[in-house]
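A quick write-up on the structure given underneath.
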Amino acid sequence: MTVLDLWLTRSVPMCLLLQSLVLMAVCFHPASMCPKGCTCVHGDGLNVTCGHAQLKEIPLDLPPDTALLWLDHNQITSIPDQVFKELHLLRELNLSHNAIGTLGENAFRGLESNLLVLDLSYNRITTVQKDVFALLKAHVNMDNNPWHCDCTLQQVLKGMAYNHESASRLLCKSSELHEHGPPRPFLAIDADLCNLAKRTTDYAMLVTMFGWFTMVISYVVYYVRQNQEDARRHLEYLKSLPSKQKKPDEGDDISTVV
């Protein structure tokens, strides 16, 4: 065996070992960079799976190259502002089957460019801020939440051009129309809830102004009657005073003496 053959014999296993290490480094994210309770695997981008991890809040140490993030079936109650702002490569975000009731107005800031799917189904969301989904191009699944359909929600859905299908499935647990009965599809509410709210406010203002006007009129009537009573009492007092007797004239005195 020549020296070249011996070198090749020893080099081939070393190359295979290096290839294996490189492959492992590419396919499996270092454990130190993966959030506790999650698994991180490279596929079509970095897939971070944190489902069924009993999480109560969004992990703050998510890898910045995360492409798919699954946070479903946890106990998360709120999405703070800009919590995903560093995840510029994120394409899919699953937050379904949690206890989310509050979304910060800037909760999804930073995801406008690449996010394609946002799943918020099976949570406890009743209302959202007007601009919470502004500029998002993602398909948003909002099914199975106890929505309160009001002016704000109507404005939110009008601004979501990519989610007509999702809006058609959204059910109103309650609405500004104060209707009772089973949940109704949002699009079945044939009313402008923003104008309805404005009319309600105008009516409340009208009632308040009428109340103040009635109070002022009542005070004026009371004031006039009170003054009339005081004037009557004063007049009676003057009448009750004894009148002054007339003094005799000096001429009468002289004639009496004569």
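Filtered by the rule that a residue be outside any strand (DSSP E or B) and surrounded by 19 or more Cβ atoms within 10 Å (Cβ to Cβ), the stretch 77-96 gives Val83, Phe84, Leu87, Leu90, Leu95, Ser96. Selection of the stretch 140-153 for residues being assigned to a strand (DSSP E or B), open to solvent by 20 Å² or more (accessible area, probe 1.4 Å) and under 14 Å from Ser96 (Cα atoms) yields only Asn141.
Would it be correct to say that Glu57 is closer than 24 Å to Ser175 by Cα, out of contact with any Lys or Arg (no Cβ under 7 Å at 6 or more places or on another chain), of a type in the set (D, E, K, R) and surrounded by fewer than 17 Cβ atoms within 10 Å (Cβ to Cβ)? No; evaluated as a whole, the condition is false for this residue. Being in contact with an Asp or Glu (Cβ under 7 Å, 6 or more places away or on another chain), aliphatic (A, V, I, L, M) and part of a loop (DSSP other than H, G, I, E, B) is not true of Ala99.
No other residue among Gly51, Gly110 is surrounded by 12 or more Cβ atoms within 10 Å (Cβ to Cβ), modelled with pLDDT under 95 and either out of contact with any helix residue (DSSP H, G or I) (no Cβ under 6 Å at 6 or more places or on another chain) or assigned to a loop (DSSP other than H, G, I, E, B) (or both) apart from Gly110. Is there a residue in the stretch 129-151 that is free of Cβ contacts under 8 Å to residues at least 60 places away in the same chain, out of contact with any Leu (no Cβ under 8 Å at 6 or more places or on another chain) and of a type in the set (Val, Ile, Thr)? No: zero hits.
Among the residues of the stretch 97-107, the ones that are open to solvent by 20 Å² or more (accessible area, probe 1.4 Å) and under 20 Å from Asp61 (Cα atoms) come to 1 in all. Here Ser175, Ser121, Ser168 are screened, and the one residue that is at pLDDT below 85 and surrounded by 16 or more Cβ atoms within 10 Å (Cβ to Cβ) is Ser175.
Considering Val128, Val156, the condition of being crowded, with 18+ Cβ neighbours inside 10 Å, assigned to a loop (DSSP other than H, G, I, E, B) and within 15 Å of the chain's Cα centre (by Cα) is satisfied by Val128 alone.
The values are calculated or read from the model by the stated rules, or taken from the named source; none is laboratory data. Quick caveat: nothing in here was measured; it's all calculated off a predicted structure. For neighbour counting, all protein chains shown are included, and Cβ atoms are generated from backbone atoms with ideal geometry for every residue, glycine included. Calculation scope for accessible area: heavy atoms of the full protein, side chains included, ligands and nucleic acids excluded. Shrake-Rupley method; radii C 1.70, N 1.55, O 1.52, S 1.80 Å.
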